[in-house]
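Chemist: To start, I am sharing the structure in question, which I have written as structure tokens.
Bear in mind these aren't lab numbers, they're just calculated from the coordinates by the rules spelled out. Values in this document were obtained by computation on a predicted structure and should not be read as measured data. As a convention, Cβ positions derive from the backbone with ideal geometry for all residues, glycine included, and neighbour counts pool all protein chains shown.
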Amino acid sequence: MTDLVYRLAQERHLATALPGPNSEKLTARRRAAVAAGVGSAVPVYVADADGGVIVDVDGNSLIDLGSGIAVTSVGASNAAVAAAVGEQAEHFIHTCFMITPYEGYVRVAEELAALTPGDHEKRSALFNSGSEAVENAVKVARLATGRNAVVAFDHAYHGRTNLTMALTAKSMPYKTNMGPFAPEIYRMPMSYPYRDAGVTGEQAAQRAITRIEAQIGAASTAALIIEPIQGEGGFIVPAPGFLPTLVEWAKANGVVFIADEVQSGFARTGAWFASEHEGIVPDIVTMAKGIAGGMPLAAITGRAELLDAVHPGGLGGTYGGNPVACAAALAAIDFMREQDLPARARRIETAIRARLEPLAKEVNTIGDVRGRGAMIALELVKAGTDEPDAAAAKAIAAQALSEGVVILTCGTYGNIIRLLPPLVIGDDLLSEGLGVLEAAVRTGAGSAT
């Protein structure tokens with residue numbers, strides 16, 4: 001990555017305690033206007049953001065280690081993306097691709113064909129959100145195979161719409177009391193190396209395959225859907241061999257293999273897509289988040305014979321592939337390529353591991369440090385055990401925020417600290433943010449004796 005010029009000073013600065021008075025006023029207004037079911041992890045309101053910082057309405061400048069959940073990889077106000085959005089908006093903001101199409105949609109599809117794994121002939125369809133992408137990938141798989149059953153995995157997160165809630169593993173807060181859910185969804189055990197000690201990737205895959213064949217039958221299975229690195233479930237990286245074994249079985253049995261790369265795609269893990277780390281070629285890839293520099297856009301890209309099996313009108317949506325979002329995506333992809341952000345993500349991983357792996361040896365409340373690229377997690381456990389400690393994760397995140405660093409938690413058990421810094425964050429700012437996190441871990445978790 002070349003030296004970047006930032007619009008905002010890349011510094012941590014606290015003008016008030018957090019949340020500040022202006023944020024508190026907005027919180028009061030919010031309670032009277034916004035549905036309680038829409039949560040926010042951080043009680044500060046943003047006025048500006050750039051590079052690796054978020055500036056709130058009270059003038060506090062916070063280090064951003066969350067990227068809006070892996071969305072603002074190129075920065076929250078990337079100049080190239082902003083210019084592309086403005087230029088497109090001057091011409092037309094919407095026509096609906098299903099009515100009067102436009103080149104931007106086609107150009108995005110061409111880019112996705114080139115970037116996603118595999119050199120087979122591909123087709124793409126564009127949508128608005130990751131949930132939509134997942135729903136449509138399942139639709140394609142079911143129609144193309146003539147089968148109904150879809151296999152998802154433990155700890156999976158695929159969205160909050162009805163079908164994707166069924167695919168998502170965690171009940172609270174995503175699906176509790178919101179059923180009934182879409183039928184013909186089956187859950188299989190995941191490879192979770194930290195909690196699967198001694199089980200190889202191939203063995204974990206065969207465990208799942210044996211259950212699929214016994215409980216569903218290969219001939220009834222339309223698709224396997226899996227995140228190559230699980231996101232909300234805890235940044236779980238399956239053991240080597242797990243994904244290739246599943247892909248091999250799917251191919252042998254005419255089952256569509258769907259890689260959900262909504263969170264892990266677009267340079268986040270040190271490759272354009274996390275699937276590349278194990279050399280797998282999915283039949284369909286679902287994408288969103290980092291695709292368009294913060295504009296709402298999602299996509300599915302897959303084998304031509306699968307997507308072309310759907311009749312005209314079977315895929316689409318009024319806003320899917322909005323022209324402004326397409327312009328943003330093209331600018332973001334160009335920026336990622338020009339700045340070699342996959343390589344930058346790998347350097348970020350090196351920097352994070354250099355700080356957190358020694359910390360894990362120092363304290364006895366970090367069970368695991370894992371992830372790839374700029375997608376790294378700490379699994380927190382009660383001292384000297386492997387029992388999940390969600391309270392510690394919450395306390396550490398709160399302590400970091402009080403000192404001006406935004407970090408996120410996740411995990412089936414709520415005990416994961418996840419780091420998703422913008423890929424354009426400067427080395428010094430990243431180091432400073434990690435220092436705050438280290439201190440919070442020591443304070444909140446205690447040192448080993």
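Chemist: Using Cβ contacts closer than 10 Å as the measure, can you line up Leu126, Leu306 from fewest to most?
Modeler: Lowest count first: Leu306, Leu126.
Chemist: Just rank Tyr6, Tyr102, fewest to most, by other beta-carbon atoms within 10 angstrom.
Modeler: The most exposed by this proxy come first: Tyr6, Tyr102.
Chemist: Give me the number: length gained by fully extending Arg442 to Ala79, i.e. 0.36 nm times residue separation minus the C-alpha to C-alpha distance, one decimal in nm.
Modeler: The Arg442-Ala79 span can extend by a further 126.9 nm.
Chemist: Another question, if that's okay. Using the Cα gyration tensor of segment 81-338, with a ≥ b ≥ c the square roots of its eigenvalues, what is the shape: rounded (a/c below 1.5), prolate (a/b larger than b/c) or oblate (neither)?
Modeler: It comes out prolate by the Cα gyration axes.
Chemist: Please identify which residues in segment 253-268 have an amide N closer than 17 Å to a label point set 7 Å out from the Cα of Tyr174, following the Cα→Cβ vector.
Modeler: Zone members listed by number: 258-265.
Chemist: I need the calculated FRET efficiency for the pair His91 and Ala383, taking r as the beta carbon distance and R₀ as 56 Å, to the nearest 0.05.
Modeler: In this case the efficiency is close to 0.40.
Chemist: Got a sec? How would Glu202, Glu338 order by Cβ neighbour count within 10 Å, fewest to most?
Modeler: Ordered from fewest to most neighbouring Cβ atoms within 10 Å, Glu202, Glu338 come out as Glu338, Glu202.
Chemist: Taking a virtual spin label 7 Å from the Cα of Leu14 along the C-beta vector, which residues in segment 32-74 bring their backbone nitrogen under 13 Å of it?
Modeler: From segment 32-74, the list is 60-63.
Chemist: Based on alpha-carbon centroids, what's the gap between segment 173-218 and segment 46-84 in Å, whole number please?
Modeler: Cα centroid of segment 173-218 versus Cα centroid of segment 46-84: 37 Å apart.
Chemist: Along the positive direction of the dipole of the chain (beta-carbon charges: Lys, Arg +1; Asp, Glu -1; about the Cα centre), which of Ile185, Thr27, Val247 reaches farthest?
Modeler: The listed residue farthest towards the positive side: Ile185.
Chemist: Which of the DSSP-defined H helices in the chain satisfy a minimum axial length of 24 Å, computed from C-alpha atoms, and a minimum mean Kyte-Doolittle hydropathy of 0.0?
Modeler: Once both thresholds are applied, what remains is 427-445.
Chemist: Which of rounded, prolate, oblate describes the chain, given a ≥ b ≥ c as roots of the alpha-carbon gyration tensor eigenvalues and a/c under 1.5 marking rounded, otherwise prolate only if a/b is larger than b/c?
Modeler: Here the chain falls in the oblate category.
Chemist: Which of Ala83, Ala304, Ala328 sits closest to the plus end of the dipole of the chain, meaning its Cα is farthest towards the positive end, when Lys and Arg get +1 and Asp and Glu get -1 on the C-beta?
Modeler: Ala304
Chemist: Determine the distance separating the Cα centre of segment 243-290 from the Cα centre of segment 85-141; give it in Å without decimals.
Modeler: Here the two parts' Cα centres lie 18 Å apart.
Chemist: Could you order peptides 10-17, 284-291 by the average number of other Cβ atoms within 10 Å of their residues, highest first?
Modeler: Highest to lowest by the protection proxy: 284-291, 10-17.
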